[in-house]
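Contents: one structure, followed by commentary.
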Amino acid sequence: MHQIDHYINGSSLAAGDRTAPIFDPGTGVQTGQVSLADQGEVDRAVAAAAEAFQSWGRSSLSTRQRIMFAFRELVAAHRQELAELVSAEHGKTIDDALGEVQRGLEVVEFACNIPHLLKGDFSEQVSTSVDTYSVRQPLGVVAGITPFNFPAMVPMWMYPVAIACGNTFVLKPSEKDPSVSMLAARLFTEAGLPDGVFNVLNGDATAVNGLLTHPDVAAVSFVGSTPIAQHIHETASAHGKRALALGGAKNHMVVLPDADLGDAADAAVSAGFGSAGERCMAISVVVAVGDIADDLVDAIAKRVREIRVGPGQDPRTEMGPLVTSQHLGRVRSYVDGGEAAGATLVVDGRDVAVDDCPDGFYLGPTLFDHVDTSMDLYTDEIFGPVLSIVRAATYGDAIELVNRNPYGNGTALFTRDGGAARRFQQEIEVGMVGINIPIPVPLSYYSFGGWKQSAFGAHAIYGPDGVHFYTRQKVMITKWSSTGPASVDFRFPAG
Ligand code: NAD
């Protein structure tokens with residue numbers, strides 16, 4: 001069985017006693033086991049990163065750029081292998097996994113050019129013979145804690161930016177699919193990154209809490225579910241660390257009566273069931289406004305019935321399994337509960353059967369109509385292939401409904417009316433907005449972040465906000481005068 005340890009100080013570190021199983025979700029078979037760090041391993045990882053920071057924090061921008069470019073080439077050359085690792089432990093299709101590697105790679109490319117964003121400001125002669133300038137300096141050892149659903153991309157939202165800014169990094173990936181991060185660490189070493197700059201600490205809550213309270217960790221970034229995001233933000237902040245914690249989501253797609261029906265149905269199905277709904281930007285609620293509802297439900301249902309479910313490694317598969325049997329049980333319980341609560345079950349995925357994979361963690365795509373906002377189906381983040389249709393009488397009602405939801409990660413509007421789109425952009429209380437685009441994930445030179453219960457902290461992730469998060473500003477005020485000695489002066493300087 002495949003054994004996954006830690007990657008600390010440039011090499012694999014053998015494990016302690018605690019482990020967790022790794023499954024192939026497509027077959028339900030255990031394929032490996034991952035070490036779960038205790039405080040001793042947390043201390044070793046942080047100590048290695050702290051030691052490495054002594055020189056990496058002072059390394060030249062050109063050195064960092066050269067290594068980041070080399071890493072970029074290695075990730076690009078290994079993209080297939082990285083995608084296969086993602087698919088083997090997460091279950092998503094290889095095509096989808098290749099897409100996630102590509103989106104992560106774009107952040108690495110952004111990081112290659114980071115010196116441009118590390119330039120400071122300079123003001124000459126702010127007072128007589130006095131100049132002012134600012135620089136941005138790294139924080140030190142920073143930690144990243146990431147979820148199972150994008151095991152390649154989400155860590156890459158963090159570590160390329162942090163490392164290019166001069167920090168050293170301890171990554172605690174999801175214990176459900178850690179292998180891709182181990183390969184990334186080996187590629188970084190091959191690219192010439194000094195030992196200890198990038199470390200992978202595998203584990204569960206023990207490792208996370210060890211990092212959150214460790215005195216030598218300067219900042220923590222987190223992506224995962226809302227209750228854990230809140231815990232991370234509060235605990236890290238209480239221990240004096242800079243914290244950024246992205247949480248869960250319930251993303252609405254509003255469809256107006258004038259929308260292109262075919263486009264809207266395609267988008268709802270792609271964004272609702274891609275990656276089996278295990279995306280933080282998945283559409284989980286379609287808000288059908290006015291008289292488009294019946295036709296829209298029919299168009300979506302027709303497409304949903306045609307989705308081919310199977311193992312992620314089969315090129316014919318469109319939708320793979322869920323990540324674990326526990327998660328499958330949880331998502332199924334929402335389907336049972338939705339039916340019992342009186343929502344109309346238009347397509348029932350519970351009886352899906354996949355050839356040769358009787359023990360895989362499969363749930364077929366499931367569609368509910370007439371979902372009420374008081375039902376668990378609507379209030380909870382299900383994180384599976386379950387799409388709910390909520391009907392709204394007017395556009396105003398739809399906007400109000402989206403804004404009442406406690407989450408605010410992503411949302412989308414489908415319409416042909418520019419004025420309606422403009423109103424949506426202005427009034428909607430959500431961090432990322434798509435107009436005729438169902439999954440509005442910003443490219444790497446913007447920053448990614450939700451609002452309300454979908455994000456805690458003052459920053460968004462990657463892009464310019466990532467640079468601000470992983471650096472702190474220092475301002476210098478200097479006086480070089482050749483006009484003779486100054487005299488004692490008790491007035492507050494005023495120019
Ligand atoms: P999760 O919150 O269960 O786990 C995330 C990380 O936290 C993992 O590394 C896990 O080991 C750790 N963790 C879990 N329980 C912990 C505890 N009690 N104490 C300390 N650490 C703990 O999330 P998940 O199931 O891996 O991922 C799915 C969630 O992530 C969904 O809610 C999804 O919306 C969210 N997500 C959000 C974004 C975003 O950008 N907002 C992106 C991807 C995923």
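The values are calculated or read from the model by the stated rules, or taken from the named source; none is laboratory data. Everything numeric in this text was worked out from a predicted model, so none of it was measured. Cβ placement follows ideal geometry from the backbone for every residue including glycine, while neighbour counts extend to all protein chains displayed.
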* Could you tell me which residue of the stretch 12-66 is surrounded by the most Cβ atoms within 10 Å (Cβ to Cβ), considering only residues that are touching an Asp or Glu at 6+ places or on another chain (Cβ under 9 Å) and among the hydroxyl-bearing types (Ser, Thr, Tyr)? => 35
* Output yes when any residue across the stretch 269-288 is within 14 Å of the ligand (Cβ to nearest atom) and either of a type in the set (Asp, Glu) or free of Cβ contacts under 8 Å to residues at least 40 places away in the same chain (or both), and no when none is. => yes
* To do: Output the residues belonging to the stretch 398-433 that are in a strand (DSSP E or B) and in contact (Cβ under 8 Å) with a residue 40 or more places away in the chain.
  => 407, 408, 410, 411, 412, 413, 414, 432
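Here are 154, 208, 197, 220: which of them is in contact with a Ser or Thr (Cβ under 6 Å, 6 or more places away or on another chain) and within 26 Å of residue 323 (Cβ to Cβ)?
Working: 208 fails: in contact with a Ser or Thr (Cβ under 6 Å, 6 or more places away or on another chain); 197 fails: within 26 Å of residue 323 (Cβ to Cβ); 220 fails: in contact with a Ser or Thr (Cβ under 6 Å, 6 or more places away or on another chain).
Testing whether each residue is in contact with a Ser or Thr (Cβ under 6 Å, 6 or more places away or on another chain) and within 26 Å of residue 323 (Cβ to Cβ) leaves just 154.
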* With the condition kept exactly as written, say whether any residue in the stretch 123-137 is assigned by TED's automatic domain parsing to the domain that holds residue 55, part of a helix (DSSP H, G or I) and more than 16 Å from the ligand (Cβ to nearest atom). => no
* State which residue is modelled with the highest pLDDT when the search covers only the stretch 18-74 and only residues that are out of contact with any strand residue (DSSP E or B) (no Cβ under 9 Å at 6 or more places or on another chain) and under 17 Å from residue 4 (Cβ atoms). => 25
* Consider residue 147 carefully, then state whether it is in the same structural domain as residue 55 (by TED's automatic domain parsing) and part of a loop (DSSP other than H, G, I, E, B). => yes
* Could you give me the residue pairs with C-beta distances under 6 Å whose first residue belongs to the stretch 187-207 and is in the same structural domain as residue 82 (by TED's automatic domain parsing) and on the phi > 0 side of the Ramachandran plot, whose second residue is of a type in the set (A, V, I, L, M, F, W, C) and more than 16 Å from the ligand (Cβ to nearest atom) wherever it lies, and which are 6+ apart or on separate chains? => 192/67; 192/70; 196/48; 196/49; 196/52
* Out of 101, 107, sole residue that is outside the structural domain of residue 280 (by TED's automatic domain parsing), touching a Leu at 6+ places or on another chain (Cβ under 8 Å), modelled with pLDDT of 95 or more and in a helix (DSSP H, G or I) -> 101
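Might you check whether a residue that is within 22 Å of the chain's Cα centre (by Cα), of a type in the set (Phe, Trp, Tyr) and over 18 Å from residue 248 (Cβ atoms) occurs anywhere in the stretch 441-454?
Going through the stretch 441-454, the residues within 22 Å of the chain's Cα centre (by Cα) turn out to be 441-454.
Subsequent filtering for residues that are of a type in the set (Phe, Trp, Tyr) retains 445-446, 448, 451.
If we keep only those that are over 18 Å from residue 248 (Cβ atoms) too, we end up with 445-446.
There is at least one residue in the stretch 441-454 that is within 22 Å of the chain's Cα centre (by Cα), of a type in the set (Phe, Trp, Tyr) and over 18 Å from residue 248 (Cβ atoms).
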* To do: With the condition kept exactly as written, say whether any residue in the stretch 460-481 is more than 16 Å from the ligand (Cβ to nearest atom), part of a loop (DSSP other than H, G, I, E, B) and of a type outside the set (Phe, Trp, Tyr).
  => yes
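Per-residue answers, yes or no, for (1) within 29 Å of residue 477 (Cβ to Cβ); (2) touching a residue at least 40 places away in the same chain (Cβ under 8 Å); (3) surrounded by fewer than 22 Cβ atoms within 10 Å (Cβ to Cβ); (4) not aliphatic (A, V, I, L, M):
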site: 97; (1), (2), (3), (4): no, yes, no, no
site: 116; (1), (2), (3), (4): yes, no, yes, yes
site: 130; (1), (2), (3), (4): yes, yes, yes, no
site: 138; (1), (2), (3), (4): yes, yes, no, yes
* Give the residue, chosen from 262, 240, 248, that is under 29 Å from residue 411 (Cα atoms) and either surrounded by fewer than 18 Cβ atoms within 10 Å (Cβ to Cβ) or among the β-branched types (Val, Ile, Thr) (or both). => 262
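In the stretch 82-95, which residues are of a type in the set (Val, Ile, Thr) and crowded, with 24+ Cβ neighbours inside 10 Å?
First pass over the stretch 82-95, keeping only residues of a type in the set (Val, Ile, Thr): 86, 93-94.
Across the stretch 82-95, the qualifying residues are 86, 93.
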